[in-house]
Amino acid sequence: MKIISIDSDREAILMADSAWRPHRRPYFVPDGPAPTAEIRPALRIDRLGKAINPKFANRYIGAWTPACFMRPAPGYNSLAPAGMLDDSLITGDWMEIPDGEIELESGGHTVPWKFDTDSSAALLASLSQAATFKTGDVILLPQVLLSFNPVAGNSFEIAIAGIKILEFNIR
């Protein structure tokens with residue numbers, strides 16, 4: 001399984017599989033400068049494919065979830081790139097790709113999100129020119145929906161239509 005994070009400058013970063021963990025387990029803030037938590041959409045690939053035609057790329061995307069990426073503070077560890085850090089990607093419950101705009105609820109705020117069919121297809125098609133995608137691979141999209149600084153003793157959750165999709169305690 002591979003996890004590919006796309007940064008805001010459209011750079012692809014291959015993340016270690018130990019970076020991924022399910023929600024509902026506590027997140028332990030590392031010693032040193034605290035990371036920044038970014039809530040970003042993640043896509044799950046549900047078919048094997050290489051050199052995927054953009055016209056058919058969305059057939060390979062089987063589910064999505066809001067994911068919490070713990071971006072290390074600048075200078076945290078210059079030898080360990082962001083993709084190598086254990087437990088730095090917390091994924092929520094996987095759901096079907098929505099047809100229209102949905103609202104993510106967190107801390108009394110709502111954030112709209114709409115799946116961009118064309119850009120997701122183009123992104124997957126482009127990435128698949130260099131790598132074979134397999135069932136279960138994850139692509140973390142660059143769009144930051146929310147961000148916060150994790151503080152020990154707090155908790156975090158995202159709900160859609162009142163149903164908790166992503167939740168964890170911070171220790």
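The values are calculated or read from the model by the stated rules, or taken from the named source; none is laboratory data. This one's a predicted model, so the numbers in the text were calculated from it and none came from an experiment. Cβ sites come from the backbone with ideal geometry, for glycine too, and all protein chains shown count toward neighbours. The area values use the complete protein model at the heavy-atom level, side chains included, leaving out ligands, DNA and RNA. Shrake-Rupley method; radii C 1.70, N 1.55, O 1.52, S 1.80 Å.
So how do GLU38, GLU103 rank on accessible area, 1.4 Å probe, biggest first, that is with the largest at the start?
So, going from the largest accessible area down, we get GLU103, GLU38.
Among DSSP beta bridges lying fully in the stretch 1-149, give the percent that are antiparallel, nearest 5.
Here the antiparallel bridges make up roughly 85 percent for the stretch 1-149.
Under a Cβ-Cβ cut-off of 10 Å, what is the net charge of the residues other than ALA63 that fall near it, where Lys and Arg count +1 and Asp and Glu count -1?
Residues near ALA63 contribute -2 overall.
Apply the Karplus curve 6.51 cos²θ - 1.76 cosθ + 1.60, θ = phi - 60°, to the phi angles in the stretch 15-30 and return the couplings in whole Hz, x for Gly and Pro.
Values, residue by residue: 9, 5, 5, 6, 6, 8, 8, x, 6, 6, 9, x, 9, 9, 5, x Hz.
Taking only Cα atoms, what is the 0 to 90° angle, nearest 10, from helix 117-127's long axis to the longest principal axis of the chain?
90 degrees
Take the solvent-accessible surface of the protein heavy atoms, probe 1.4 Å, and return the percent of it on the chain that carbon and sulfur atoms account for.
On the chain, the fraction of accessible area on carbon and sulfur atoms equals 50 percent.
Report the gain in length on full extension from ASP7 to GLU103: 0.36 nm times residue separation, minus Cα-Cα distance, nm rounded to one decimal.
Full-extension gain reported as 32.3 nm.
Positive end of the charge dipole of the chain (Lys, Arg +1 and Asp, Glu -1 on Cβ, about the Cα centre): tell me which of GLY32, ALA12, GLN143 has its Cα farthest that way.
ALA12
Once the whole set of protein chains is in place, how much accessible area is left on VAL29, using a 1.4 Å probe, in Å² to the nearest 10?
Surface open to solvent at VAL29 totals about 40 Å².
Within a Cβ distance under 12 Å of ASN149, other residues only, what is the Lys/Arg minus Asp/Glu net charge?
Local net charge: 0.
Using a 1.4 angstrom probe on the protein heavy atoms only, could you order ILE4, ILE97 from most to least accessible area?
These residues rank, largest area first, as ILE97, ILE4.
For LEU48, put the label point 7 Å out on the Cα→Cβ axis and report which residues of the stretch 124-164 keep their amide N under 15 Å from it.
132-137
Under the rule of -39500 (n - 2.57) per DSSP H run of 4 or more residues, summed and divided by the residues of the chain, what mean residue ellipticity at 222 nm is obtained, to the nearest 500 deg cm²/dmol?
Mean residue ellipticity, 222 nm, calculated: -2000 deg cm²/dmol.
ALA12: net charge of surrounding residues, Cβ under 13 Å, Lys/Arg +1, Asp/Glu -1, itself excluded?
-2
Per residue, what accessible area does the chain have, given a 1.4 Å probe and all protein chains present, in Å²?
51 Å²
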